[in-house]
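Engineer: First, the structure itself, so that you have it in front of you.
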Amino acid sequence: MNGGIAAMRGLSRESRTKALLLSSWFFVTIATLWLLKPIRQASLLAHLGARELPYVRFGSVIAVALIVAIYSRVVDRLSRLQVAKGANFVFAAVLVVLWTALRLGGDELGRERWFVWLVFILVDIYSTVMVGIFWTYTNDVCTREEADRIYGPIGLGGILGGIAGGALVDGLVLWIGQVDILLVCIGLMLVCASIVAKSESLLHPPARTIERDGAHGASALDGARLVMHSRYLLLIVGIVLSYEFAAATTDFVVNVVFERAYTDKDLLAKMFGRLGWVVSGAALVSQLFVVPVLLPRKRLALLVPPLVMTVATVGFAVAPVAVFAFVMTSADRGLNYSLQQSTKETLYVPLSDTEKYKAKAFIDMLVDRLAKGLSSVALMIAIAASGVSIAISLAIALGALAIWIACAAQLGRAYPDVTSQRLPRHRAEPRAPRASPSPHSGYP
């Protein structure tokens, strides 16, 4: 904690303003997400059951892939402000439609399979797009020196948002009901749009144009080509794939345990909200005490999360009950929302603008969804073969964790070389004079 405060004291006024604005933006985004997550999980378990989760998650992978393809086209044509504000306005409008539909259709509509799927997938799209836009913008306006010092405080905003969102659901759902919580989410999205506008007006990042491939324009899969030609990016892909696979698999087990422990829909939402603020509380402790120490030490920062998650998963296999579901998820997501997220984002800072935007969008919006899709397929096969088995599901997760550890070890060795070879050339491009923007960019 003292290390984080000391780092903030050493920053310029501009960097402090940047950290405050970006942290506030992240706070509101994650608070909204953690208001929506418990609602969608409770709806799925109450109406369709945990057995349905692998199937709806696989459908979500397809839906997100289509959205990412659209995103890759839109991002070439709009400004940062238009993309970030526009996304918040679109999601707010969608929630207005959902709230109106539920008020008119009631529980009868809410329990329909297609509606449960729709809500689940929309929350996944929100998570992917809004968090992706936030970190892309953040990587764009921060230098490498700032990244190591202010990504901790910025990540702290997201963690506090998780605590706030989960606590609101925990405290409000039995009082106002799940439907009216959507109104809170709508208000937060409008607040987020105003923070975005304020950030752009105060930070004044240089305008940029994206590099296009001749007459063919920018392809939605440009990032895939960049990844395939970079061992460094492939290792990042390996970490994202293995982590998201393992996390999706263990999350399925948590849903199974909660379904068996709680039968009422509102109580399920309340407990998922509680899980949200407990997990975010663990992340807060990590952000204050662990991140300042480990973030500059990339090898340790990359290895600690998979090792801790492996130990927690083994413990959950021994005692698969609701209390240990909280423990395992806290160990997993607590480090993911703090140390792992901050570390992963700093890995992109030494890269070129094209790699940051195209490759990062591909990894963040497609690769992690691919991992969830592969996890869903593995769980479908396991369920078909032996039913819903907690032991088999956790064994599958442990296999993915072994791959994560191997990739993290290799990436930790590769990071210093990439930084020394590429940073001097690429630092100059993002800070070019505004009258002469770099051709390598993400947003115009």
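Engineer: Given the conditions (1) buried (at least 18 other Cβ atoms within 10 Å of the Cβ); (2) over 19 Å from the mean Cα position of the chain (by Cα), which single one is not true for SER79?
Structural biologist: (1)
Engineer: Identify, please: which residue in the stretch 371-405 is closer than 20 Å to VAL311 by Cβ, touching a helix residue (DSSP H, G or I) at 6+ places or on another chain (Cβ under 7 Å) and among the small types (Gly, Ala, Ser) and is, among those, surrounded by the most Cβ atoms within 10 Å (Cβ to Cβ)?
Structural biologist: Within the stretch 371-405, the subset closer than 20 Å to VAL311 by Cβ is 390-405.
Then drop every residue that is not touching a helix residue (DSSP H, G or I) at 6+ places or on another chain (Cβ under 7 Å), which leaves 390-394, 396-398, 400-401, 403-405.
Now narrow it down to the ones that are among the small types (Gly, Ala, Ser): 391, 393, 397, 400.
Details: ALA391: 11, SER393: 23, ALA397: 27, ALA400: 25.
Looking at residues that are closer than 20 Å to VAL311 by Cβ, touching a helix residue (DSSP H, G or I) at 6+ places or on another chain (Cβ under 7 Å) and among the small types (Gly, Ala, Ser), I get ALA397.
Engineer: Separate question: Taking the condition more than 25 Å from the chain's Cα centre (by Cα), among the acidic types (Asp, Glu) and assigned to a helix (DSSP H, G or I), does ASP417 pass?
Structural biologist: Values: more than 25 Å from the chain's Cα centre (by Cα): yes; among the acidic types (Asp, Glu): yes; assigned to a helix (DSSP H, G or I): yes.
Against the criterion (more than 25 Å from the chain's Cα centre (by Cα), among the acidic types (Asp, Glu) and assigned to a helix (DSSP H, G or I)), ASP417 qualifies.
Engineer: Could you check, for the stretch 262-280, whether at least one of its residues is farther than 11 Å from PRO38 by Cβ, at pLDDT below 90, out of contact with any Asp or Glu (no Cβ under 9 Å at 6 or more places or on another chain) and among the small types (Gly, Ala, Ser)?
Structural biologist: Yes, the conditions are met somewhere in the stretch 262-280.
Engineer: Any idea how many residues of the stretch 47-57 are at pLDDT 95 or above and crowded, with 18+ Cβ neighbours inside 10 Å?
Structural biologist: 4
Engineer: Name the helices (runs of 4 or more DSSP H) wholly inside the stretch 255-340 in which the number of residues that are among the β-branched types (Val, Ile, Thr) and closer than 25 Å to ALA31 by Cβ is 3 or more.
Structural biologist: Working: elements: 265-289, 291-294, 298-318, 322-335.
Output list reads 265-289.
Engineer: Applying the selection to the stretch 90-104, what residues are surrounded by 13 or more Cβ atoms within 10 Å (Cβ to Cβ) and not aliphatic (A, V, I, L, M)?
Structural biologist: PHE91, TRP99
Engineer: Are there any pairs, at least 6 apart or on different chains, whose C-beta atoms fall under 9 Å, with the first in the stretch 175-191 and free of Cβ contacts under 8 Å to residues at least 40 places away in the same chain and the second among the small types (Gly, Ala, Ser) and surrounded by 14 or more Cβ atoms within 10 Å (Cβ to Cβ), and if so, which?
Structural biologist: Taking only residues 6 or more apart or on different chains, the pairs are GLY187/ALA92.
Engineer: Do any residues in the stretch 228-255 that are of a type in the set (Lys, Arg) have Cβ atoms under 9 Å from those of residues that are in a helix (DSSP H, G or I) and at pLDDT below 95, where the two are at least six apart or on different chains, and which pairs are they?
Structural biologist: ARG231/ALA414
Engineer: What tally of residues in the stretch 278-295 results from selecting those that are over 13 Å from ASP332 (Cα atoms) and out of contact with any Leu (no Cβ under 9 Å at 6 or more places or on another chain)?
Structural biologist: 3
Engineer: Quick one: which residue in TRP114, TRP135 is within 27 Å of VAL179 (Cα to Cα) and part of a helix (DSSP H, G or I)? Before the answer, list the steps.
Structural biologist: On the way: TRP135 fails: within 27 Å of VAL179 (Cα to Cα).
None of the other options fit; the residue is TRP114.
Engineer: Shifting gears a bit: Are there any pairs with C-beta distances below 8 angstrom linking a residue in the stretch 378-401 that is on the phi > 0 side of the Ramachandran plot and modelled with pLDDT under 95 to a residue that is assigned to a helix (DSSP H, G or I) and surrounded by fewer than 19 Cβ atoms within 10 Å (Cβ to Cβ), with the two at least 6 apart or on different chains, and if so which?
Structural biologist: Between residues of the stretch 378-401 that are on the phi > 0 side of the Ramachandran plot and modelled with pLDDT under 95 and residues that are assigned to a helix (DSSP H, G or I) and surrounded by fewer than 19 Cβ atoms within 10 Å (Cβ to Cβ), there is no close pair.
Engineer: With the structure loaded, tell me whether ALA312 is in contact (Cβ under 8 Å) with a residue 24 or more places away in the chain and in contact with a helix residue (DSSP H, G or I) (Cβ under 7 Å, 6 or more places away or on another chain) or whether it fails that test.
Structural biologist: Values: in contact (Cβ under 8 Å) with a residue 24 or more places away in the chain: no; in contact with a helix residue (DSSP H, G or I) (Cβ under 7 Å, 6 or more places away or on another chain): yes.
So ALA312 does not fit the description; no.
Engineer: Test GLY132 against the stated conditions and say whether it is at pLDDT 90 or above and either small (Gly, Ala, Ser) or under 23 Å from THR343 (Cα atoms) (or both).
Structural biologist: It is false that GLY132 is at pLDDT 90 or above and either small (Gly, Ala, Ser) or under 23 Å from THR343 (Cα atoms) (or both).
Engineer: Follow-up. Name the residue, out of LEU202, LEU234, that is surrounded by fewer than 19 Cβ atoms within 10 Å (Cβ to Cβ), out of contact with any Asp or Glu (no Cβ under 7 Å at 6 or more places or on another chain) and at pLDDT below 95. Quick ask: steps written out before the conclusion?
Structural biologist: On the way: LEU234 fails: at pLDDT below 95.
Just a single option satisfies the conditions, and that option is LEU202.
The values are calculated or read from the model by the stated rules, or taken from the named source; none is laboratory data. What you are looking at is a predicted structure, and each value in this text was computed from that prediction instead of being measured. Neighbour counts are summed over all protein chains in view; Cβ atoms, including those assigned to glycine, are modelled from backbone coordinates with ideal geometry.
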